[in-house]
Amino acid sequence: MRSAKRYDALIIGSGASGGMAAKELTARGFQVLVLEAGPPVNPARDFSTHTWPYQMMYRGFGPPGWKLQEQWMQDTASFYSRHFYVKDSEHPYTTDPGKPFMWVRARIVGGKTLHWGRLSWRLSDLDFKAASHDGFGDDWPISYEELAPYYDQVEEFIGVSGNADGLPHVPDGKYMPAMPMNCGENLLRKGAEKTGRLAIAMRVAMLTGQPKPFMKGRRKCHYCGHCGDGCDVNAMFNSVASTLPVAAATGRLTLRPNSIVRHIITDTNTGKATGVAFVDRVTREEQEAYARVIVVAASTLESTRILLNSKSRHHPQGLGNSSGVLGHYLVDHFGGIGASGFFPILAGRDPINEDGKATGIFIPRFRNLDAKTRHPKFLRGYGFECGSGTSMFPGMARRLISGFGPEFKKQVRRYYTAPVGMTVRAAMLSRFENYAEIDPDGVVDAWGVPVLKMHIQYSDNELEMAKDAADTSEEILRAAGAEVVSTGGQLTAPGRIIHELGTARMGNDPKTSVLNKFNQMHDVSNVFVTDGAAFVASANHNPTLTILALTIRACEYLTGEYKRGNL
Amino acid sequence: MPIRIMELQRNTSRAPAKLHTIHGLLRGRTFEGEFDAGEKTYRFSFAPAVCSLVQNKLVLRGRMTIQSPQSGLRQLDDVAARLIAAQGGVAGSPIRRQLLTGTAQTAQTATSDQKMEQEKGPETELQPGLHAFDSPRRDELGRPVVESTGSLAFVGVLYFHLSPLDAPALGIPMNLERVQLGGRLAPTDDTARDLQLLFSDLVAALDGERPDEKAASASLEIINRILKG
């Protein structure tokens with residue numbers, strides 16, 4: 001069964017990149033079809049921003065064992081937000097013994113933007129040209145200067161709060177006012193400075209100032225602290241509130257939810273893409289849709305899965321894989337290492353209403369910036385995400401306070417503003433041997449689509465970095481005057497930080513990369529991959545801002561090529 | 001302006017749809033779960049009675065029971081489930097304990113430290129993305145270890161291909177010629193916990209970096225003993 005219509009552009013995915021591509025291409029006059037694998041989202045029904053625990057069965061924790069049955073890999077899914085995430089039972093993937101990978105996925109209109117962490121950092125040439133800096137791996141085919149104007153456009157459109165801090169390796173952008181630091185965070189900032197490190201306000205995609213005229217339906221953040229459950233005032237950037245409505249307003253957007261793409265269809269003569277084959281998630285009907293250009297934005301690994309599943313006579317190893325690089329250079333950031341404790345100076349202070357600030361402070365990378373900061377045991381670097389205070393369920397109670405009843409409650413109140421924690425966000429080196437492939441033993445998902453098998457583990461570089469981060473976090477916390485309760489920890493398994501990147505990387509050489517510097521496939525000129533799959537290296541910063549900037553840039557280039565008849 | 005939703009024709013094909021996957025949790029010795037077919041929900045259980053290695057792959061054989069909303073209980077015996085792949089666990093691994101048989105060298109006695117580890121979930125209260133730091137472990141070079149690897153490794157899901165199932169006999173209006181069973185190992189009882197450890201050891205012995213036939217055979221022997229009750 002097929003759709004008679006041939007669209008100008010077909011976009012796979014409606015998350016950060018897919019939504020931005022829809023906005024950009026409809027604005028440039030394209031008739032666009034967006035296929036989203038998951039269901040539509042209805043904020044009035046699906047967001048539970050202001051739902052109190054006592055309004056929920058099991059006080060919001062869900063029935064015992066619910067997560068183990070359906071969503072054991074969806075680390076950040078809570079019973080409030082579980083419908084934003086896939087059911088692992090329907091969406092398997094496989095791993096090697098002892099090499100776990102945690103794949104957190106959102107198949108829903110809006111994708112992971114419905115519950116993302118919102119941290120919005122620009123990468124710098126320390127990241128784009130990392131190989132030239134330290135000799136490992138490959139440089140990106142673009143520089144910061146080339147991407148900077150697109151970062152400007154993204155920040156202007158989505159709204160990012162933050163400060164201009166003047167750090168060359170964390171370039172400044174166009175910001176709304178930063179969220180203020182609380183007492184504990186100011187103490188931690190001073191402690192970091194004592195050890196020669198800086199601590200800055202996190203830059204987050206949340207409206208802290210008056211929404212601009214084009215931000216229709218969006219309001220200022222009111223600090224309720226439930227961003228991950230769906231933001232009912234649209235203060236946080238997501239596709240559903242931001243990019244997709246703007247695209248729809250052009251009258252040129254068609255969105256089809258519940259459409260699971262099996263593969264990209266190619267012309268048997270030319271090898272160029274002509275459309276996609278997809279299955280309806282609900283009815284399980286097999287369907288096809290056609291377009292002149294395909295934009296693959298299904299999320300890093302889903303995009304690569306679709307490309308690997310798109311084998312044909314012209315593309316026997318999968319679409320765009322003449323180099324054999326597709327699926328390789330898989331990276332994530334790692335976390336799980338840090339320190340936590342509490343500030344005795346804040347214990348006993350009257351609790352104040354500061355627990356809804358859904359962000360904290362950041363200690364930017366301080367290793368391997370130059371010869372003076374070079375570390376003898378590892379390349380690249382890491383930063384710390386830090387925060388102080390407590391939220392609705394005071395987790396510090398479990399470790400700091402024992403007992404029950406009135407005395408327990410008294411102690412919880414006593415320590416309410418005192419906890420402090422630091423956790424690392426660290427770069428992982430891009431290595432060919434970390435990769436995803438179509439499961440060679442034929443495992444499929446609930447719709448019969450072949451799944452991925454992940455092969456990924458950390459190298460000595462990451463382990464040495466973790467050791468340094470564990471030691472440094474404790475040093476900073478003690479310098480800040482905190483009583484340290486725990487240090488060290490375990491590195492998160494790859495995937496858990498949900499910054500999976502690479503696998504269809506950009507490059508100037510078609511023999512060692514899948515995409516050119518404009519996210520266009522070397523092998524098939526009318527296919528663009530605009531999500532995190534295009535990354536050459538991970539840096540140590542959250543990737544979404546860069547994904548959005550790359551998407552705008554790719555769409556600008558795509559439009560020019562389309563008009564010139566090159567696609 | 002509302003987003004336009006794409007409409008396509010309805011499929012009029014009469015061929016029965018394929019059931020690709022079913023998913024069950026290991027409870028005791030039995031995988032239990034449910035699946036949807038033809039707008040109805042069916043409960044199923046697969047109770048392996050014996051296991052063996054065929055061409056270096058684990059094969060479980062046992063009884064498949066389907067509870068149909070219309071036809072009641074239906075059973076098929078000697079259903080084979082051939083292990084094709086596995087997924088390593090991340091979250092809470094099982095409490096390591098001495099098997100009741102007392103013969104498995106790979107299962108470890110639970111310690112209070114290990115037990116504590118099971119009981120601690122991710123610490124996310126302070127800020128989104130923060131994680132627990134309270135289980136520091138170091139490798140021989142003094143570096144932190146990676147969760148769910150090394151001595152903490154375990155298998156979370158076993159993916160099996162089932163032998164072709166007789167759909168009419170089971171009362172299911174779907175093509176059941178090639179059904180994949182996802183067997184989730186999230187034990188809540190001692191038998192399932194023992195089996196998870198043994199399946200984990202078996203998978204490591206068969207598909208790990210250093211395949212070990214002797215270890216695989218030892219695990220297989222104990223699994224068979226447990227399956228026989």
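Of note:
- For the range A:82-140, the Cβ-based charge dipole about the Cα centre amounts to some 520 debye (Lys, Arg positive; Asp, Glu negative; other atoms uncharged).
- Centre separation in Å (Cα based) which lies between the range A:321-389 and the range B:166-229: 40 Å
- Taken residue by residue and averaged, Cβ atoms of other chains lying within 10 Å of the Cβ of A:479-491 number 4.
- Counting only Cβ charges, +1 for Lys and Arg and -1 for Asp and Glu, the dipole size of the protein assembly as shown around its Cα centre is about 1400 debye.
- Over the range A:428-567, volume per residue of the alpha carbon convex hull, in Å³: 173 Å³
- Kyte-Doolittle at least 0.5, axis length at least 27 Å by Cα - qualifying DSSP helices, chain A: none
- Neighbourhood net charge (11 Å Cβ-Cβ; Lys/Arg +1, Asp/Glu -1) for residue A:239: +1
- The distance separating the Cα centre of the range A:107-167 from that of the range A:497-536 comes to 16 Å.
- Over chain A: helical MRE at 222 nm, DSSP H runs n ≥ 4 each giving -39500 (n - 2.57), nearest 500: -6500 deg cm²/dmol
- The range A:462-567: relative contact order in percent, alpha carbon pairs under 8 Å with at least 6 residues between: 19 percent
- Taking the centroid of alpha carbons for each part, the range A:409-437 and the range A:41-99 are 20 Å apart.
- Selection of GluC sites (Glu not before Pro), the range B:153-229, meeting DSSP coil and at most 16 other Cβ within 10 Å: B:177, B:209
- Order of A:511, A:467 under a 10 Å beta carbon neighbour criterion, fewest first: A:511, A:467
- The range A:283-342: Rg to Rh, with Rh as the Kirkwood radius over Cα pairs: 1.22
- Computed over the range A:31-91: relative contact order in percent, which uses C-alpha pairs under 8 Å that are six or more apart: 27 percent
- The peptide list A:308-321, A:151-164, put in order of mean Cβ contacts within 10 Å with the highest first, becomes A:151-164, A:308-321.
- Inter-chain Cβ neighbour count for A:493-502, averaged per residue, equals 2 (cutoff 10 Å, partner chain atoms only).
- Taking the inverse of the mean reciprocal distance over all distinct Cα pairs, the Kirkwood hydrodynamic radius of the range A:19-58 comes to 13.4 Å.
- The range A:422-462 - percent relative contact order, Cα under 8 Å, separation 6 or more: 43 percent
- Highest-first packing order for the peptide set A:548-561, B:141-154 is A:548-561, B:141-154, based on the mean count of other beta carbon atoms within 10 Å.
- Per-residue Cβ neighbour rank within 10 angstrom, fewest leading, A:52, A:103: A:52, A:103
- Cα gyration tensor shape of the range A:385-495, rounded if a/c is under 1.5, else prolate or oblate by comparing a/b with b/c: oblate
- Proximal aspartates and glutamates relative to residue A:410, as straight alpha-carbon distance under 13 Å, when same-chain residues fewer than 8 apart are discounted: A:350
- In straight-distance terms, cross-link reach from residue A:5 covers every one of the aspartates and glutamates whose alpha-carbon lies under 16 Å from its own, apart from those fewer than eight places away in the same chain; here that gives A:288, B:7.
- Taking Cβ atoms as reference points and 9 Å as the exclusive limit, the residues near residue A:286 contribute a net charge of -1, counting Lys and Arg as +1 and Asp and Glu as -1.
- Among the residues of B:146-158, the average count of other protein chain beta-carbon atoms within 10 Å of the residue beta-carbon is 6.
- For the peptides A:61-69, A:338-346, the ranking by packing is A:338-346, A:61-69, with the highest mean count of neighbouring Cβ atoms within 10 Å listed first.
- Judged by the ratio a/c of the largest to the smallest principal axis of the C-alpha gyration tensor, the range A:513-567 counts as oblate, that ratio being 1.5 or greater while a/b is no larger than b/c.
- Relative to the current alpha-carbon distance between residue B:49 and residue B:166, full extension at 0.36 nm per residue lengthens the span by 40.1 nm.
- Two-decimal Rg/Rh across the range A:136-263, once Rg and the Kirkwood Rh are taken from alpha-carbon atoms: 1.05
- Remark: the range A:490-567 carries a charge dipole of roughly 100 debye about the Cα centre, counting +1 on each Lys and Arg Cβ and -1 on each Asp and Glu Cβ.
- Partners of residue A:174 within straight-line reach, counting lysines whose Cα lies under 20 Å from its Cα and excluding those fewer than 8 residues away in the same chain: A:212, A:216, A:220.
- Rounded, prolate or oblate (a/c below 1.5 giving rounded, otherwise prolate when a/b exceeds b/c) for chain A by Cα gyration tensor: prolate
Values quoted throughout were computed directly from the atomic coordinates according to the rules given, and no laboratory measurement underlies them. None of the values given here were measured: they were computed from a predicted structure. Please note: Cβ atoms are built from the backbone with ideal geometry, for glycine as well, and neighbour counts cover all protein chains shown.
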